[in-house]
Amino acid sequence: MIKNERQLRITKARLDEFKEYLSLLVKRKKDSKMPELTAIEENAIRTQIKELEEQIEEYESLWGSHTPIPILENFEEIPRALIKARISLGLSQRALAEKMGLKEQQIQRYESVGYKSASLARVAEFVRVLNVRVSNKVLLSTKGITFRDFIKRIGDAGLEPDFIINEILPVKTKIEIQTKGKNQQIDETGIMIAEYLGPIFGWDPNQILGQEAIQIDMGNLGHTKFKTRKNANKALLLTQAFYTHYLALLVLQACSKLPTKRLPKDPYEIHKLIVKDDQSITPEKTLRYIWSLGIPVIPLTYSGGLQGSHFKEGNRNVLILNNQTSYQARWMFILFHELWHAIQHQDDTQQKTLLLEDFQPLSKEDKIDNEEYIANKFAGAVLLGRNPNELIRMCVDEAQHDLVNLKQTVQRIGQRENVPVDVLANLVAFKLAEQGVNWWGTANKLQTLSSKTHRVAKKILIESIDPTLLTPPDFDLLSRAVSRIEANRHE
């Protein structure tokens with residue numbers, strides 16, 4: 001759709017070019033050695049010409065015509081209707097900006113993305129200024145609807161209301177629910193609720209604040225895989241899936257200029273690249289390496305549920321780590337575990353995938369054909385720079401299969417083989433867990449504690465994104481998600 005005079009001039013110029021090319025094509029058609037292909041190209045050009053002529057006709061006939069826009073019965077109709085109403089009133093984008101007290105660039109931005117970056121309150125203001133008539137079904141009144149009604153409908157949809165209130169809705173709304181009680185009517189707060197939840201779950205205000213049951217469309221997540229415990233809270237996992245997916249989209253949007261690279265598959269080569277300067281491997285060095293591949297890392301620390309996630313859309317990846325641990329080796333292990341998933345999916349550029357994991361030791365059954373076993377081995381190889389199975393076998397053999405001797409053996413071999421003791425201890429614990437032996441208590445005593453890991457991850461994320469590319473609600477959502485690191489970090 002043509003939105004302004006500049007686009008009209010460009011479209012007319014393109015139309016002239018297509019017509020000129022069509023004329024040459026028709027002249028060459030008689031002498032063509034492949035007339036069938038020439039005919040196909042000619043039809044394609046004629047189709048393009050028709051589309052451009054229709055766009056020009058629509059704009060020129062609509063401009064200043066004061067043609068009334070039919071009453072809107074669907075929320076999705078609003079963006080296009082606002083553009084058509086402006087053109088019908090003979091208002092340029094600059095003129096509308098002056099009426100609204102905004103900059104012309106802001107109007108251009110709103111219209112270019114179908115008003116997705118505008119708040120619901122702002123959309124309602126445009127509807128009023130441009131005299132667009134909207135059915136009551138579209139912009140609902142929240143009169144009579146209580147927070148209790150809303151919370152029940154969220155729960156009935158299969159979501160976790162507490163997570164939505166505590167993690168997703170703005171702090172102001174959370175406080176209002178806590179202070180005024182759940183029997184308080186939503187009133188104007190309904191607009192803010194719809195503003196935050198709509199983009200995450202793909203709902204319009206009518207779905208969020210209406211009377212009909214809320215429907216969950218898993219198709220919005222693309223190809224999603226859950227790897228969790230059998231007794232996991234399904235409502236919480238589903239809510240976290242949508243939340244995690246949306247955070248990933250926000251970060252991709254906010255660092256859209258981050259270049260992507262072909263992901264290396266050799267864990268030992270990755271290790272060499274990370275330790276090349278001082279032969280050490282630290283959370284900051286691992287994070288900066290992964291960011292250098294064009295893969296953002298989002299650190300989260302909410303309680304319960306998913307610990308690691310990998311999101312991919314097209315050729316872009318995002319890793320999400322929801323982990324409160326201060327064991328830096330454990331944190332890096334999960335990070336490279338998720339990187340392995342990104343590497344495995346890097347040639348799948350057409351499908352949107354979301355993998356969400358409740359990270360835990362593998363059982364014997366899992367090990368047989370489970371890709372998680374390979375991901376664990378990959379993570380261990382990157383962190384050690386050596387074959388993890390060989391080092392684990394060395395530890396068990398030298399300890400003579402005696403758990404009492406294993407702690408000192410792991411320390412001795414780590415120092416002798418010049419590999420991180422905390423990483424080696426973790427891998428030994430994972431190996432024993434596969435055999436039904438719990439050695440995690442001892443392994444934890446060999447961990448290196450770091451209170452900086454989460455803050456470093458947050459710092460790099462903040463350095464790498466452009467917050468001006470996000471709407472205020474989206475920036476608030478991402479900021480609160482990352483800021484909880486300081487409050488939840490366990491040292």
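Please compute, over every Cα-Cα pair in segment 214-276, the percentage with a separation greater than 13 angstrom.
76 percent
Using only Cα atoms, tell me the angle between helix 78-88 and the longest principal axis of the chain; keep it within 0 to 90° and round to the nearest 10.
The helix 78-88 is inclined about 30 degrees to the chain.
Suppose each label sits 7 Å from its Cα in the direction of the beta carbon; what would the Val129-Lys182 distance come out to in nanometres?
4.0 nm
Mind putting a number on the dipole of the chain about its Cα centre? Charges go on the C-beta only, +1 for Lys and Arg and -1 for Asp and Glu, and I need it in Debye to the nearest 20.
Once rounded to the nearest 20, the dipole reads 660 debye.
Evaluate the relative contact order of segment 124-246 (contact order divided by residue number), counting alpha-carbon pairs under 8 angstrom at least 6 apart; express in whole percent.
It comes to 33 percent, rounded to a whole number.
What number, in nm² with one decimal, is the all-direction average of the projected area of the convex hull of the alpha-carbon atoms of segment 1-143?
Answer in nm², one decimal: 10.8.
Please report, in whole Å, how far the alpha carbons of segment 147-216 spread along each principal axis, starting with the longest.
29, 22, 20
For segment 5-62, with equal point scatterers placed on the C-alpha atoms only and solvent neglected, what are the log10 I(q)/I(0) values from the Debye formula at q = 0.12, 0.17 1/Å, to two decimals?
Ignoring solvent entirely, the Cα scatterers give -0.34, -0.59.
Taking neighbour counts of Cβ atoms within 10 Å as a proxy for exposure, in what order, fewest first, do Thr146, Thr468, Thr47, Thr353 appear?
The order, fewest Cβ neighbours first, is Thr468, Thr47, Thr146, Thr353.
Mean residue ellipticity at 222 nm from the helices of the chain, using -39,500 (n - 2.57) per DSSP H segment of n ≥ 4 over the full residue count, to the nearest 500 deg cm²/dmol?
-18000 deg cm²/dmol
What percent do you get for the relative contact order of the chain when only Cα pairs under 8 Å and 6+ apart count?
Reported as a whole number, the value is 13 percent.
Packing-wise, with mean Cβ within 10 Å as the measure, how do 319-329, 168-178 rank, highest first?
For the peptides 319-329, 168-178, the packing ranking is 319-329, 168-178.
Over segment 5-62, how many pairs of lysines fall under 22 Å by alpha carbon, counting only those 8 or more apart in sequence or from different chains?
7
Suppose we look only past 17 Å in the calculated P(r) of segment 386-436. What percent of the Cα-Cα pairs does that tail hold?
20 percent
Filter the trypsin sites (Lys or Arg not before Pro) in segment 204-290 down to the DSSP loop ones having no more than 13 other Cβ atoms within 10 Å, then list what survives.
In loop regions of segment 204-290 (DSSP not H, G, I, E or B), the sparsely surrounded trypsin sites (Lys or Arg not before Pro) are Arg229, Lys230, Lys257, Lys261, Arg262, Lys265, Lys276.
Counting every Cα pair in the chain, what percent are over 30 Å apart?
Distances greater than 30 Å cover 59 percent of the Cα pairs.
If you count the DSSP beta bridges with both ends in the chain, what percent of them are antiparallel, to the nearest 5?
55 percent
Run down the lysines and flag those whose C-alpha is under 22 Å from the C-alpha of Lys407, throwing out any fewer than 8 positions away in its chain.
Output for Lys407: Lys377, Lys431, Lys445.
Can you report the principal axis dimensions of segment 223-385 using only the alpha carbons, biggest first, rounded to whole angstrom?
That gives 46, 40, 30 Å along the principal axes, largest extent first.
With a Förster radius of 60 Å, plug the Cβ-Cβ distance of Gln400 and Lys152 into 1/(1 + (r/R0)^6) and report the FRET value to the nearest 0.05.
Efficiency computed from Cβ-Cβ geometry: 0.50.
Note the direction-averaged projected area, equal to a quarter of the hull surface, for the Cα convex hull of segment 402-491, in nm².
It is 8.5 nm².
No value in this document is a laboratory result; all are computed from the given coordinates. Predicted model only: the values in this text are computed from it and were never measured. We place every Cβ from the backbone using ideal geometry, glycine too, and count neighbours over all the protein chains shown.
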